[in-house]
Protein chains: 2
Amino acid sequence: MDRRQKKTRDAIFQAFTALLAEKHYNQISVQEIIDRANVGRTTFYAHFETKDYLLKDLCEELFGHIVDAAMGLPHGHYHYSCGSETDSVFLHLLRHLQKNDSNILELLSSQNNEIFLRYFKSNLKELIMRQYADKGMLSTSKLPEDYLVNHISSSFVETVNWWLSQKMQQTPEEITEYFLAVIEPIVNG
Amino acid sequence: MDRRQKKTRDAIFQAFTALLAEKHYNQISVQEIIDRANVGRTTFYAHFETKDYLLKDLCEELFGHIVDAAMGLPHGHYHYSCGSETDSVFLHLLRHLQKNDSNILELLSSQNNEIFLRYFKSNLKELIMRQYADKGMLSTSKLPEDYLVNHISSSFVETVNWWLSQKMQQTPEEITEYFLAVIEPIVNG
DNA sequence: TTTTGTACCGAACAAACAGTTCTGTAACGA
DNA sequence: TCGTTACAGAACTGTTTGTTCGGTACAAAA
């Protein structure tokens, strides 16, 4: 990839991210983005078809890493090398969020958080399937499996949202405990 | 209230609702609304400051009735006059939705459903507080009370969303059963 | 270094949109 | 019947979007 392309693409992403932290997505104009990114109008439309596609590409860049990393973990419960705790993929995700690479927390805490939480949730379902459904942990219940997968994904995303609304006063371990307390009665039913 | 006012207000609401069922909120213009409602440009701005306020007013009209009706019910579990079943406010809400006054289902099933589901959830929290929190049913848990209220509200809204995505194949009674199965282990903890 | 390609800029452009202001008309309530 | 007021219609300003074009600067291959 041409170095010039990556440079302008990053400039646009950065300007867009800064604006998203300031105001609502709907009232951000392309003009503002290119002014702050210091790129020409033509250049913007050469990179992104519309503002919506810019958002989509940004989301993929943001959540791609986190979810890919979590997908690379051993399925189900596993053993941490540094200790003896039996842990879940959820704790791993929360720790990733806490590290706050690429200002993801700013976006998840902004007035645009619904956009990103929705994207987060859609990426999460696949993960939930591997964590629970594929192991048959949900089939013992009388409830439909996709209802439970949806319930667990939503609950995790809402837990993250609640954590952020509390200014992240709790540790990832505590939040994991809250979340598991709320869903474990179902998956082990 | 002047009959002319109510007439144009209803015409705008109806046109807006129809458009929301067709396309995304962001790409609906005021011009489209007033064309379909057959009202003048001036008239629209005399009634609604912006498109956002129109949406807000529509939401209040849609969910105001439903939640008010539910708020009027006896708190907690109660006895249906027509039968002997012990029931919850949730079943009542689902039955209200199924009746589909004012095309609320069309909007909740449209591509704009996030907007309405979010509004629904915010109206729901107060109801949850009355149903559970005020009776101390959540204080026995080790988890923060507002975390649980948020979790229950979110879960109910997501349950409704799932129900709609299934084209409402299940009865309100079945959905209530699903939902209670998922949250009762927590509130009775 | 020279050459070839291409990413970028700047300006200008048309079309659509938001929101306001004006005048005249028609419907309302009392 | 009479004063009030909601409405239509049109015009207007300023903004936004998305596109087009000629010229410049940078990149990678010769």
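Bear in mind these aren't lab numbers, they're just calculated from the coordinates by the rules spelled out. Please read these numbers as outputs of a predicted model, since none were measured by experiment. FYI the Cβ positions are ideal-geometry reconstructions off the backbone, even for glycines, and counts take in every protein chain you see.
In chain A, the DSSP-assigned H stretches of four residues or longer account for a calculated mean residue ellipticity at 222 nm of -22000 deg cm²/dmol, using -39500 (n - 2.57) per stretch and the full residue count as denominator.
Close amide H pairs (under 5 Å, H built 1.01 Å from N) link B:Asn112 with no residue at least 5 positions away or on another chain.
Can you give the Kirkwood hydrodynamic radius for the stretch B:52-187, in Å, rounded to one decimal and based on Cα pairs?
By the Kirkwood definition, the hydrodynamic radius is 15.5 Å.
Need one number: convex hull volume per residue for the stretch B:1-48, Cα atoms only, in Å³.
66 Å³
The Cβ shell under 14 Å around B:Gln31 holds other residues with a net charge of +2, Lys and Arg each +1, Asp and Glu each -1.
Among A:Ala11, A:Ala70, A:Ala46, the residue with the largest mean-square fluctuation in a Gaussian network model of chain A, with springs joining Cα atoms closer than 10 Å, is A:Ala46. GNM on chain B, alpha-carbon springs under 10 angstrom: the most fluctuating residue among B:Thr42, B:Thr176, B:Thr50 is B:Thr42.
Considering only B:Gln14, B:Gln131, B:Gln170, the mean-square fluctuation computed in a Gaussian network model of chain B, springs between alpha carbons under 10 angstrom, is largest for B:Gln170. The Cα-based radius of gyration of the protein assembly as shown, divided by its Kirkwood radius, gives an Rg/Rh of 0.99. Loop sites by DSSP among the GluC sites (Glu not before Pro) of chain B, restricted to those with at most 15 other Cβ atoms within 10 angstrom, leave B:86-189 as the longest stretch without any of them. When +1 charges are put on Lys and Arg Cβ atoms and -1 charges on Asp and Glu Cβ atoms, the dipole computed for the stretch A:1-48 relative to its Cα centre reaches about 220 debye. Chain A: longest stretch without exposed trypsin sites (Lys or Arg not before Pro) (DSSP loop, at most 10 other Cβ within 10 Å), sites themselves excluded? The longest uninterrupted stretch comes out as A:1-141.
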